[in-house]
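First up is the structure itself, then whatever we jot down about it.
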Amino acid sequence: MKAARIHEYGKPVVLEDVPIPEIQADEILVQVKACGMCRSDAQLIDGYFRPFADIPTPITIGHEISGVVHKIGSSVPKIAGFEEGDHVGVAPGWGDGVCRHCLVGNAHICPNVRWPGFGPFGGFAEFLPVPARYLIKADRRLKFEEVAPLTDAGLTPYRGIKKLRDAGALGPNRVLGVFGIGGLGSYGIQYAKLLGGGAKVVAFARNPDKLAIAKKYGADHVIAIKGKSSADIAKELEKATGQPDLDAIIDCAGATEMFQLGFSLLAISGHYANVGLVGDRLDVPLLPRVNREQTFHGSYWGNNIDLMEVMALAAEDRIRHTIKIFEFDQINEYLDLLRAGEIVGRAVMKL
Ligand SMILES: [Zn+2]
């Protein structure tokens, strides 16, 4: 089968022929139909994660995966309901199933977690083995290229906004800022409207094309931030919403300057959820966090339930997708476009 693999960090991935993987008894062999390309694919290749997990090569990249059930392992219970030919999305965080995080359903933060696309098997290949409990059946109304990015770009901001909602940060007469309108933020805007309880939604980004997407997907206001001071941006925000600060922020970028801007705009008792990993440090003044009683939420990817929810919303046509389709042979070319910030929405490989 075809697979795109890292043999050496910092080099282009090698497109090659490798054997079709064997499956364990509790696994399902998925025939990949689509795989989204994430900034973290480029970061993995470029060595961003090496200080935290120096994964041995070869690594098959790709973790936003949809496909078809090709072969079912002998111990997968009938009650799981899988049949060959089923359309599926791959839940990305494969926990051990026994720790306390797994037992409450958060397998994606299991200390023994495995990820497709960060080891021998990934979605930029024709097949991969997946533990049956980390496959979610996809409604046949959904296209494969829509399901694939829902497993990360369309999942991660959803969990982050649920955290803001569960913390009581959303509702009428509140203003929710969405920072960064890339692959994640173009979904994040929509979830801000779906889950915001009537909060006004304001998009913040540097790139005007990306702000146009935010407007199209329901942002009440958009603010271009390139070259502006936080005081200027606060004035624009006040003009647009009647208040100069934000009750809640979902940050889909996680860039150093975005943090500084975001925290400078955060209201008393505000909540800041970050799901982005563009930068690598959080460095903001301490006092306002304390005497304004603000809360920071790290939010990572999503669990099976979060994924089932976004897939159900998509099947009911409640989510719009901004997708650019490319072919297997174009993987390195698209990685470069992604590094240059030139992808609007999500680039998805179709097989
Ligand atoms: Zn676990």
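The values are calculated or read from the model by the stated rules, or taken from the named source; none is laboratory data. The model shown is predicted, which means the values in this text are computed figures rather than measured ones. Reconstructed Cβ throughout: ideal geometry from the backbone, glycine too, with neighbour counts over all protein chains shown. SASA here: full protein model, heavy atoms, side chains in, ligands and nucleic acids out. Shrake-Rupley method; radii C 1.70, N 1.55, O 1.52, S 1.80 Å.
At a glance:
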item: Residue list for segment 22-42, filter: buried (at least 24 other Cβ atoms within 10 Å of the Cβ), at pLDDT 95 or above and not in a strand (DSSP E or B); result: 41
item: Residue pairs meeting the criteria (Cβ under 9 Å; at least 6 apart or on separate chains; first under 30 Å from residue 338 (Cβ atoms) and free of Cβ contacts under 8 Å to residues at least 40 places away in the same chain, in segment 59-85; second among the polar types (S, T, N, Q) and open to solvent by 40 Å² or more (accessible area, probe 1.4 Å)); result: 68/31
item: All positions within segment 45-63 that are among the hydrophobic types (A, V, I, L, M, F, W, C), under 13 Å from residue 331 (Cβ atoms) and not in a loop (DSSP other than H, G, I, E, B); result: 45
item: Sole exception among (1) surrounded by 14 or more Cβ atoms within 10 Å (Cβ to Cβ); (2) not in a helix (DSSP H, G or I) for residue 309, by number; result: (2)
item: Listing of helices (runs of 4 or more DSSP H) fully contained in segment 175-269 that carry 3 or more residues being open to solvent by less than 50 Å² (accessible area, probe 1.4 Å) and of a type in the set (Asp, Glu); result: none
item: Residue match in segment 19-33 (condition: in contact with a helix residue (DSSP H, G or I) (Cβ under 7 Å, 6 or more places away or on another chain) and within 16 Å of the ligand (Cβ to nearest atom)); result: yes
item: Selection count where residues are among the aromatic types (Phe, Trp, Tyr) and free of Cβ contacts under 8 Å to residues at least 40 places away in the same chain, scope segment 285-317; result: 1
item: Top-ranked residue of segment 72-113 - restricted to ones that are assigned to a helix (DSSP H, G or I) and more than 10 Å from the ligand (Cβ to nearest atom), ranked as surrounded by the fewest Cβ atoms within 10 Å (Cβ to Cβ); result: 79
item: Selection count where residues are within 16 Å of residue 253 (Cβ to Cβ) and not hydrophobic (A, V, I, L, M, F, W, C), scope segment 144-158; result: 3
item: Selection status of residue 159, within 16 Å of the ligand (Cβ to nearest atom) and either in a loop (DSSP other than H, G, I, E, B) or surrounded by 15 or more Cβ atoms within 10 Å (Cβ to Cβ) (or both); result: no
item: Residues satisfying the stated conditions in segment 114-132, i.e. without any contact (Cβ under 8 Å) to a residue 60 or more places away in the chain and surrounded by fewer than 19 Cβ atoms within 10 Å (Cβ to Cβ); result: 114, 115
item: Filtered residues of segment 3-21 (kept if assigned to a strand (DSSP E or B) and within 25 Å of the chain's Cα centre (by Cα)); result: 3, 4, 5, 6, 14, 15
item: So residue 8, is it open to solvent by 10 Å² or more (accessible area, probe 1.4 Å), within 19 Å of residue 351 (Cα to Cα) and not small (Gly, Ala, Ser); result: no
